[in-house]
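S.K.: Supplied in structure tokens, the structure appears directly below.
The values are calculated or read from the model by the stated rules, or taken from the named source; none is laboratory data. Note that the coordinates shown come from a computational prediction; the quantities given were computed from them, not determined experimentally. A quick note on method: Cβ atoms are made from the backbone with ideal geometry, for glycine too, and the neighbour counts reach across all protein chains shown. Surface areas here come from the heavy atoms of the whole protein model, side chains and all, with no ligands, DNA or RNA. Shrake-Rupley method; radii C 1.70, N 1.55, O 1.52, S 1.80 Å.
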Amino acid sequence: MSDINKDVHKHALLGGRLCLDFANTVSWHDSSEKSQELLTSYEKLVNWSLQVDIINKQQSVSLLKKAENRPSEAREEVLQKAIELRESIFHIFSLVSNNEKPATKDLSILNEALGNAYAMIRVVPSENKFSLEFFNCEERLDGMLPPIIQSAIDILTSEKELSRVKKCEGYPCGWLFLDTSRNRSRRWCSMADCGNRAKANRFYHNKK
């Protein structure tokens with residue numbers, strides 16, 4: 001079986017919310033020529049899910065064992081479905097960040113995924129309240145997707161958080177993030193990356 005620790009720490013998590021980090025699993029997302037897919041295999045999808053704590057190590061081992069026995073389903077169905085969902089989330093929040101209305105197609109993909117996800121949700125009692133929890137994530141090859149879908153729904157139904165979704169200004173980065181700064185002044189996915197690149201470009205043009 002493949003090494004589940006391979007690439008686990010490879011992805012930068014700068015979105016501030018699970019669904020936004022999922023949308024950011026493409027480098028240079030706004031460029032059709034330079035974009036680089038980071039989820040190139042089902043194993044990498046599982047490793048990313050392990051990194052962001054959707055699943056634990058035992059569950060990741062279980063999923064990869066199942067994928068070895070059902071490689072076509074893992075690669076051609078689940079991975080492709082995950083990428084389709086990611087792109088719909090990316091398009092929805094990209095437009096929302098620009099005060100535009102999401103496309104009907106993208107909302108339909110998310111709504112269909114939401115219906116499938118709710119089949120895995122159970123109401124669980126705790127001390128003085130109830131909560132929703134996802135069950136048997138390791139039993140289904142797409143068991144990592146429901147928490148991502150729930151994260152997207154949580155933002156879309158929260159006026160406060162929805163208004164704070166932004167896209168990095170460092171074109172063609174395209175990464176999304178939740179701006180939690182007090183004055184909502186964050187412009188870059190990371191000052192160490194796109195922020196510094198923009199600063200260097202300004203310096204170059206000013207000097208020129």
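S.K.: Straight distance only, please: which aspartates and glutamates reach the Cα of K166 with their own Cα at less than 20 Å, same-chain residues fewer than 8 apart left out?
M.R.: Once the sequence-local aspartates and glutamates are set aside, what remains near K166 is D21, D30, E87, E100, D106, D154, D179, D193.
S.K.: On average, how much accessible surface per residue is there in segment 52-156, in Å², for a 1.4 Å probe, leaving out ligands, DNA and RNA? If you can, show how the numbers build up before the last one.
M.R.: Numbers: 5880 Å² over 105 residues.
Each residue of segment 52-156 exposes 56 Å² on average to a 1.4 Å probe.
S.K.: I would also like to ask the following. Given a Förster distance of 25 angstrom, what is the FRET efficiency for N183 paired with L162, based on the Cβ-Cβ distance and rounded to 0.05? If you can, show how the numbers build up before the last one.
M.R.: Numbers: r = 18 Å, r/R0 = 0.72.
After rounding, the FRET efficiency stands at 0.90.
S.K.: If you rank K34, K81, K167 by how much accessible surface each has, with a 1.4 Å probe, what is the order from largest down?
M.R.: Sorted by accessible area, descending: K34, K81, K167.
S.K.: Report which label in [x] 12.1; [y] 13.0; [z] 14.2 holds the value of mean projected area of the Cα convex hull in nm² derived from the coordinates of this structure.
M.R.: [z]
S.K.: Here's a follow-up. How much accessible surface area, in Å² rounded to 10, belongs to the heavy atoms of D53 with a 1.4 Å probe?
M.R.: So the heavy atoms of D53 present about 130 Å² to solvent.
S.K.: If you don't mind, there's one more thing I want to ask. Using the alpha-carbon centroid of each, what span in Å lies between segment 48-71 and segment 123-169?
M.R.: 19 Å
S.K.: Normalised by the residues of segment 1-106, what does the relative contact order come to in percent, with Cα pairs under 8 Å and at least six apart? Provide the component values of the computation, followed by the final result.
M.R.: Numbers: 88 pairs, mean separation 27.0, N = 106.
This gives 25 percent for segment 1-106.
S.K.: Another question about this same structure. May I ask you to compute the full-extension gain from S72 to A12, defined as 0.36 nm times their residue separation minus their alpha-carbon distance, rounded to one decimal in nm? Mind showing how you got there, number by number?
M.R.: Values: separation 60, 0.36 × 60 = 21.60 nm, distance 2.86 nm.
Going from the current span to full extension adds 18.7 nm.
S.K.: When the chain is modelled as a GNM with alpha-carbon springs shorter than 10 Å, which of S35, S158, S126 fluctuates the most?
M.R.: The residue that fluctuates most here is S126.
S.K.: Then there is this: Counting only protein heavy atoms and using a 1.4 Å probe, what share of the accessible area of segment 58-208 belongs to carbon plus sulfur, as a whole percent?
M.R.: Numbers: 4560 of 9190 Å².
Ligands and nucleic acids excluded, carbon and sulfur give 50 percent.
S.K.: When the helix-only estimate is applied to the chain (DSSP H runs of n ≥ 4, each -39,500 (n - 2.57), divided by the residue count), what is the mean residue ellipticity at 222 nm, nearest 500 deg cm²/dmol?
M.R.: On the way: 8 runs with 90 residues, N = 208.
The per-residue figure over the chain is -13000 deg cm²/dmol.
S.K.: Accessible area, 1.4 Å probe, largest first: how do V46, V124 sort?
M.R.: Details: V46 0, V124 30 Å².
Largest to smallest exposure gives the sequence V124, V46.
S.K.: Based on DSSP H assignment, which helices of the chain show an axial Cα extent of at least 24 Å together with a mean Kyte-Doolittle hydropathy greater than or equal to 0.0?
M.R.: Working: long enough: 79-97 (27 Å, 0.63).
Span-like helices in the chain: 79-97.
S.K.: Can you sort F93, F134 by 1.4 Å-probe accessible area, starting with the largest? Don't skip to the end; give the middle numbers.
M.R.: Numbers: F93 0, F134 60 Å².
Descending accessible area places them as F134, F93.
S.K.: Take the cross-link list K44/K105; K129/K167; K65/K160; K57/K101; K101/K129; K66/K160 and give me the ones stretching past 32 Å between alpha-carbons. Don't skip to the answer; put the middle values down first.
M.R.: On the way: K44/K105 27 Å; K129/K167 36 Å; K65/K160 41 Å; K57/K101 39 Å; K101/K129 35 Å; K66/K160 40 Å.
The pairs that break the limit, which is 32 Å between Cα atoms, are K129/K167; K65/K160; K57/K101; K101/K129; K66/K160.
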